[in-house]
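The values are calculated or read from the model by the stated rules, or taken from the named source; none is laboratory data. Keep in mind it's a predicted model, so treat the numbers as computed, not measured. Accessible surface is based on the protein model in full, side chains and every heavy atom, while ligands, DNA and RNA are left aside. Shrake-Rupley method; radii C 1.70, N 1.55, O 1.52, S 1.80 Å.
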Amino acid sequence: MELILKQDVQNLGFKDDVVSVKPGYGRNFLIPQGFAILATPSAKKVLAENLKQKAHKEAKVVADAKAIGEALKALEIKITAKAGGEKLFGSVTNADIAEILEKNGQSIDKKFITSGIVKRTGKYTASVRLHRDVIVELAYEILAEQA
């Protein structure tokens with residue numbers, strides 16, 4: 001079953017992508033939730049026309065995302081957390097990284113940050129998706145909190 005996505009869907013695709021899914025997933029979840037519409041020939045023609053019109057606007061958005069990406073690469077992120085030796089009491093997650101970025105003036109939603117759950121001190125990297133075409137590797141360091 002072919003569908004046109006009306007918004008980004010995790011692990012499936014981005015807005016205005018034509019995706020092929022199993023009929024039950026499309027009929028019972030994506031279409032009723034308003035995430036997708038059927039990819040009929042007329043809907044595909046409308047989509048092609050809309051994509052042509054959005055192309056030049058998209059270039060500006062990508063340029064802005066790349067500028068933010070360069071600013072993120074320049075940041076030196078150090079996260080302090082309570083630890084016993086190298087092992088943390090708790091963990092550092094995407095939400096913690098988003099909070100640190102917010103303090104540094106970059107507002108990025110935690111769902112666009114992929115780093116996994118970190119439970120030890122040391123240097124790590126996280127992927128930040130600023131745009132479907134712009135993914136930035138963000139280096140950060142976790143330090144033990146001084147008592």
Relative contact order of the chain, defined on C-alpha pairs under 8 angstrom at six or more residues apart (%): 20 percent
Members of Lys15/Lys123; Lys82/Lys110; Lys57/Lys119; Lys57/Lys123 lying beyond 30 Å, as alpha-carbon distances in this model show: Lys15/Lys123; Lys57/Lys119; Lys57/Lys123
³J(HN,Hα) computed for each position of the stretch 62-70 - Karplus, 6.51 cos²θ - 1.76 cosθ + 1.60, integer Hz, glycine/proline x: 5, 4, 5, 5, 5, 5, 5, x, 5
For the chain, accessible area per residue (1.4 Å probe, heavy atoms of protein chains only), Å²: 65 Å²
Rounded, prolate or oblate (a/c below 1.5 giving rounded, otherwise prolate when a/b exceeds b/c) for the stretch 2-65 by Cα gyration tensor: oblate
